[in-house]
Amino acid sequence: MSENNNIALTTLEREYIIATQKGLPIVAEPYHAVAKQLNITVDQVLAMTKDLQARGIIRRVAAVPNHYKLGYQYNGMTVWDISDEHAEKFGQMVGNLPFVSHCYLRPRFLPKWNYNLFAMVHGKTPEEMHELRSQIKELLKDVLVDRNNDSSQQHPIQSNDMLTSTAILKKTGLRLKDKTA
């Protein structure tokens, strides 16, 4: 959801957001269930969803699994310093790996943060996490940047790393209060 608090919503749009902000119903046809709840057609629900996305009120519609309940107790954001001219192509390749849940290109903040490609992986053991990172590294080996040409550097600059979670964080977007409740 957008962080802009000045966006005007119609009554129906507000009802739609309240009905879906904790997730779509887990049924075979979730948009049909929302349409029934709002007393509108499925086509109206779908059109409203697209409109709210176009206006930036809804950023995305996606499944958010609880990896811990699925047995994936370990997760990490792998970070990579790859050449800019290959970033989009190789970012797409990494994002398409079956074990990468999401992948982003982001700007670097040199000299403190040299990474521009981020890929989240989940595993059941620390060894599995290491193996997944190794697979990504093998894919990126020819486009990783070596920034260790300056002999005045006190510490070597890594071309990749993995940031691991130390706590489970609750993932939520904007929440509206139901004024009728």
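The values are calculated or read from the model by the stated rules, or taken from the named source; none is laboratory data. Since the structure is predicted, the reported quantities are computational estimates derived from the model, not experimental observations. Backbone-built Cβ (ideal geometry, glycine too); neighbour counts: all protein chains shown. The area values use the complete protein model at the heavy-atom level, side chains included, leaving out ligands, DNA and RNA. Shrake-Rupley method; radii C 1.70, N 1.55, O 1.52, S 1.80 Å.
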Self-check item: Furthest towards positive pole of dipole, Y31, A8, G95, structure part the chain, Cβ charges
Solution: A8
Quiz prompt | the chain: Lys pairs at Cα distance under 27 angstrom, eight or more positions apart or on different chains | solution = 28
Quiz prompt | Assigned charges on the beta-carbon of Lys, Arg, Asp, Glu; the stretch 1-156 dipole about Cα centre (debye) | solution = 400 debye
Quiz item: The list (1) 148; (2) 161; (3) 178 gives values of volume of the Cα convex hull per residue in Å³, and only one came from this structure; which label was calculated from it?
Solution: (3)
Quiz item: If you roll a 1.4 Å probe over the stretch 1-133 with all protein chains in place, what percent of the accessible area is carbon or sulfur?
Solution: 54 percent
Practice problem: Might you report the magnitude of the Cβ-based charge dipole of the stretch 62-108 about its Cα centre, with Lys and Arg at +1 and Asp and Glu at -1, to the nearest 20 debye? | Solution: 240 debye
Self-check item: Contact order normalised by residue count of the chain, Cα under 8 Å, 6+ apart, percent
Solution: 25 percent
Quiz item: If you build a Gaussian network model of the chain, linking Cα atoms that sit under 10 Å apart, which residue out of L132, L140, L163 swings the most?
Solution: L163
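In Å², what does the accessible area per residue of the chain work out to with a 1.4 Å probe?
Numbers: 12570 Å² over 181 residues.
Normalised by residue count, the accessible surface of the chain is 69 Å².
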